[in-house]
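Asks: There's a structure below that I have some questions on.
Every read-out reported here was derived from the displayed coordinates using simple, explicitly stated rules and does not represent laboratory data. Values in this document were obtained by computation on a predicted structure and should not be read as measured data. Here the Cβ is made from the backbone with ideal geometry for all residues, glycine too, and neighbour counts use every protein chain on show.
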Amino acid sequence: AGGRGEDDGMDALMAAITGDPLPEEARSDPAFLAEHRAAEADVAVLRDELARLAAALTGDEVSGEAGAPEAPAGAGEIRTPQDTSSAAPPARRPRGRTRPAGPPRPPRPGRPGGPRRALRVALGSLAGAAAFSLALGFGWLVTQGGGADDNAGASAKGDAGSPEAASSVRPAAPERELACARLVVEGTVTKVERDEGASGTRVTLTVTRSYKPAHGPAEAGFLLAADARPAPRPGQHVLAGVGRGDRYATLWSVGTARVSADRAWITDALPASRSLPCPSPTAP
């Protein structure tokens, strides 16, 4: 019996959904009929809600309850020929599983309803988000541009005040300056050591170009005064010169701009310096 009740419950629901006529055996079962009526009520409510949802999505109004039969005129009222002013008490409304919803309220004039209003709200939100993103992007660009300009200005200001960026001073007699030099080389610093017997540091560099001597060694070393600026460190591109009889470098250029400026006057004065003698320090 329990198995049949479960099967009958499933058949009752399917019969309510499909609308198929009930077999003779089912119509004679009170429990099955009660379950079938309950399933029909649930299906009717579901159809009504689906009709309202479809009307809301398409913008059409529902004219009445979906699937509900029209009531005949005067269905809830009984009149007698003798007394037309008196009316019988209203019939009690049958109690159902779900109270049917009333007719939908008409939309307010001038205000879009249903999907049009939802679409308008969605488009407005999308436009607001796009405008906010656009403003945020412009703000970021302005901030980055201003920061880049500030950084560039600060960098240029710092470079202008640094010894590396200082303009090279051409000697008054560049030919004589080179004639009295024993070493003028350009290269990259590879080693910086504290010299125990001197107040400065010993700098070793890999020579990339030797001006004097014309064919110099691949590596050169010399002393640099402690107050030389910029201070030496490995990896610097430098141009250095040491005079005859000197232990410390008399020419110390660091950085591309400074090295290029000193290289210009050195290469210009170097040919004439080869034919000039270097005067003795004791000469009048």
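Asks: Out of the stretch 182-207, which residues are farther than 25 Å from GLY235 by Cβ and in contact with a Lys or Arg (Cβ under 7 Å, 6 or more places away or on another chain)?
Replies: Selection gives ARG182 alone.
Asks: Provide a single number: the residues in the stretch 178-204 that are under 12 Å from GLY221 (Cβ atoms) and in contact with a Leu (Cβ under 9 Å, 6 or more places away or on another chain). Give the steps one after another, and end with the answer.
Replies: Going residue by residue through the stretch 178-204, those that are under 12 Å from GLY221 (Cβ atoms) are 183, 185, 187, 189-193, 195, 201-204.
Applying the additional criterion that residues be in contact with a Leu (Cβ under 9 Å, 6 or more places away or on another chain) yields 185, 187, 189-192, 195, 201-203.
Residues that pass the stated criteria total 10.
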